[in-house]
2 protein chains.
Amino acid sequence: MAAKRSGAQGKRSQPGELPEAVPEPRGEPPLSLERIVATAVELLDAQGVDGLTMRRLADRLGSGVMSLYWHVDSKEDVFDLALDSVLEYGGPPQACEPQDWREEVVGVLEDWRASMLRHPWSASLLPRRALGPNILGRLELLSKTLSGAGVADADLNVAIWSLWNHVMGSTVTRASFELSDDDRAAAQQRLARRSERYPTIERSRLLLDSDWDGTFRKGLDFLLDGLAPRG
Amino acid sequence: MAAKRSGAQGKRSQPGELPEAVPEPRGEPPLSLERIVATAVELLDAQGVDGLTMRRLADRLGSGVMSLYWHVDSKEDVFDLALDSVLEYGGPPQACEPQDWREEVVGVLEDWRASMLRHPWSASLLPRRALGPNILGRLELLSKTLSGAGVADADLNVAIWSLWNHVMGSTVTRASFELSDDDRAAAQQRLARRSERYPTIERSRLLLDSDWDGTFRKGLDFLLDGLAPRG
DNA sequence: ACCTGAACACCGTTCAAGT
DNA sequence: ACCTGAACACCGTTCAAGT
């Protein structure tokens, strides 16, 4: 959940030192929460959720395994921090003012989805994890936008969770069914072999040709149609 | 993915045997795929996803660990089979004929959701897993119903995945935020402590009072409104 | 304040062997 | 056809200790 305090450290560039001295040119920089989280994200990007191991993480950082535990409470903690770090919000894309609330909501959610697609392990980690500041920030932004658009207080939580589920679901599903072509072909093979049992999904090539971006956009439109303040 | 063949076995109740003989009264019955899967589900219900261990599973079955591997390819295989077994479809609830396609779809999805809520680990296993016959059967049923209702072929996959994401998302989210009261209070505490940063979600008590059933039903209605064949 | 190695109590799975 | 134990190559984390 909460990482340990990382006390005051790194008194870089004090005046009156050797002028030529390059800052930390040799060896690894010292351990820090930032470095641990950044390296964890690298490892997750490279090897997936199962690839993240405390020992491997320590190796990449050039430290002993147990050194990590001074900065971090547990492996769960590392997951929480990596997830939240990947969901940092950069703010609205342009200097362009949001024209209308609906465009604004779509923008917020598309940015969220794009962040998760950049790190395919992240969507599957979204449920069951403690919510970090960036995730809470995104929820707050979404919530404020919807509220400002006139969604009644009584409907606000329903609206937020519906949208959250849609973003998470469409990202997770896309990641899990975007297998290698071989795997997908094999899956459809198995399906075809018993096409008498599953004629409809075999005919629509559900496991082969699904349009993930379209699913996201259309589903989102339907939800927003429904959530739009009445009147 | 596919469990190993479990050859012909169990020639129960042949005629002309000792009439009083109780079938297998002493000791454990022999290992079988069915018994392995059923016990895995028990273990998952009791201990959650992390609680399922090949060694613990073997213990419960009264066998050696490696005996499992004759019936099963890997632990992944056990997960796939357990997940699919929990999603067996019992058919429509009553003798009542479906009045209209929309009611039928709602019924199919509510049954799906109910099955997963009975086994809180199942929703989180739904993504990333090979689709077993029961899951494929449910997809086929859903697909057929939508198709029969007039949803255009071009929209069919989008419709199925949107509904899949909604059912999975709402179940997974509910399970992960239905923590103990203590945990939930603590989460809201942390939120309250920085209520200046997250005023909206703090005010709406997003992490405390969310109405999961309402979210499911309302989100589903919006999706179905949107997916309904035009005209 | 920060880092370490040894040790503990586990994992999933390979393998060669038993019946 | 079905089951087994020993062994391998790992895990996350506790602990007592170093600087």
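The values are calculated or read from the model by the stated rules, or taken from the named source; none is laboratory data. Keep in mind that what you see is a predicted model, and the values were worked out from it rather than measured. A quick note on method: Cβ atoms are made from the backbone with ideal geometry, for glycine too, and the neighbour counts reach across all protein chains shown. Accessible surface is based on the protein model in full, side chains and every heavy atom, while ligands, DNA and RNA are left aside. Shrake-Rupley method; radii C 1.70, N 1.55, O 1.52, S 1.80 Å.
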Requested in this report: Could you grab the pairs with beta carbons closer than 6 Å, sequence gap of 6+ or different chains, first residue in region A:138-156 and assigned by TED's automatic domain parsing to the domain that holds A:TRP112, second one assigned to a loop (DSSP other than H, G, I, E, B)?
Outcome: A:ARG138/A:TYR89; A:GLU140/B:TYR198; A:GLY150/A:PRO229; A:VAL151/A:PRO229; A:LEU156/B:SER204
Query raised in the report: Which is surrounded by 21 or more Cβ atoms within 10 Å (Cβ to Cβ), of a type in the set (A, V, I, L, M, F, W, C) and within 30 Å of A:LEU146 (Cα to Cα), of A:ALA40, A:ALA82?
Result: A:ALA82
Requested in this report: May I ask you to verify whether A:GLY64 is within 14 Å of chain B (Cβ to nearest Cβ), more than 9 Å from DNA strand D (Cβ to nearest atom), at pLDDT 95 or above and surrounded by fewer than 16 Cβ atoms within 10 Å (Cβ to Cβ)?
Outcome: no
Query raised in the report: Which ones in region A:121-146 are under 13 Å from the mean Cα position of the chain (by Cα) and β-branched (Val, Ile, Thr)?
Result: A:ILE135
Report summary line: A:ASP45: passes all of (1) open to solvent by less than 40 Å² (accessible area, probe 1.4 Å); (2) part of a helix (DSSP H, G or I); (3) in contact (Cβ under 8 Å) with a residue 60 or more places away in the chain but (1)
Query raised in the report: Restricting region B:87-133 to residues that are closer than 25 Å to B:GLY48 by Cβ and touching a Ser or Thr at 6+ places or on another chain (Cβ under 7 Å), which is most open to solvent (accessible area, probe 1.4 Å)?
Result: B:ARG128
